[in-house]
């Protein structure tokens with residue numbers, strides 16, 4: 001039986017190592033590349049035979065949009081399954097817009113992960129979220145408990161809370177000793193990471209994840 005050749009990319013090294021060990025012990029899977037940076041992956045994939053890309057949605061060195069566009073230029077027919085800690089209908093829509101074949105939550109069961117790999121490598125899409133029905137009602141984004149800090153940096157969390165407290169970029173910059181331009185860059189990055197469109201979305205996210213109260 002032909003094995004499924006997988007390229008794995010995640011910039012959280014502890015998580016990556018655990019996932020690498022897990023997949024390496026599956027008889028039908030073959031890891032042909034394991035990377036911590038998008039640029040490393042793009043340099044290597046020309047010479048690899050790949051049946052599936054298993055990619056972290058949030059990378060430090062490049063955006064998901066940049067990475068998937070570059071991958072599709074090189075391997076246009078190879079399916080892409082995203083790994084993420086993000087939940088919610090907005091995330092599903094973002095991944096669909098990217099042109100990927102689905103996503104699996106990082107805290108999903110091993111059984112579900114292997115199911116997702118089988119489905120996507122077989123040419124179908126896979127979107128799994130055990131809280132999807134509730135999230136559709138909320139139309140927002142929630143995170144697994146205690147994992148928000150793995151998505152947003154300490155500085156981004158500070159800025160998010162100040163934005164929700166109605167501080168302007170100039171006021172935030174003065175408070176944190178940053179330029180207004182730097183604050184605006186952080187704000188844009190936060191919007192992208194959380195999959196929301198504006199300040200209202202940030203406030204909804206912060207309330208939903210108990211970063212602020214709604215009083």
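Computed from the coordinates by the stated procedures, all read-outs in this text should not be read as laboratory data. All of these numbers come straight from a predicted model, not from anything done at the bench. Please note: Cβ atoms are built from the backbone with ideal geometry, for glycine as well, and neighbour counts cover all protein chains shown.
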> Mind checking the angle between helix 13-24 and the chain's longest principal axis? C-alpha axes, 0 to 90 degrees, to the nearest 10.
Replying inline: 20
> What number, in percent, do you get for the relative contact order of the chain if the mean sequence gap of Cα pairs under 8 Å and at least 6 apart is divided by its residue count?
Replying inline: 15
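Using just the helices of the chain, give the 222 nm mean residue ellipticity in deg cm²/dmol: DSSP H runs with n ≥ 4 each add -39,500 (n - 2.57), and the total is spread over all residues, rounded to 500. Numbers along the way, then the final one.
Details: 10 runs with 103 residues, N = 215.
Theoretical 222 nm ellipticity from helices: -14000 deg cm²/dmol.
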> For the peptides 31-41, 50-60, what is the packing order when you average, over each peptide's residues, the other Cβ atoms within 10 Å and list the highest mean first?
Replying inline: 50-60, 31-41
> Roughly how tilted is helix 64-74, in degrees to the nearest 10 and between 0 and 90, from the longest Cα axis of the chain?
Replying inline: 30
> Hey, any idea what the orientation-averaged projected area of the convex hull of the stretch 152-208's Cα atoms comes to, in nm²?
Replying inline: 3.4
> Highest mean first, what order results for 84-92, 9-17 on Cβ atoms within 10 Å?
Replying inline: 84-92, 9-17
> How many angstrom separate the Cα center of the stretch 45-123 from the Cα center of the stretch 153-215?
Replying inline: 27
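Over the Cα atoms of the chain, Rg to Rh with Kirkwood Rh, two decimal places? Provide the component values of the computation, followed by the final result.
Details: Rg = 18.3 Å, Rh = 18.3 Å.
Reported Rg/Rh, Kirkwood definition of Rh: 1.00.
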>> For the chain, take the longest principal axis of its alpha carbons; what is the angle in degrees between that and the long axis of helix 199-208, to the nearest 10 within 0 to 90?
In response: 80
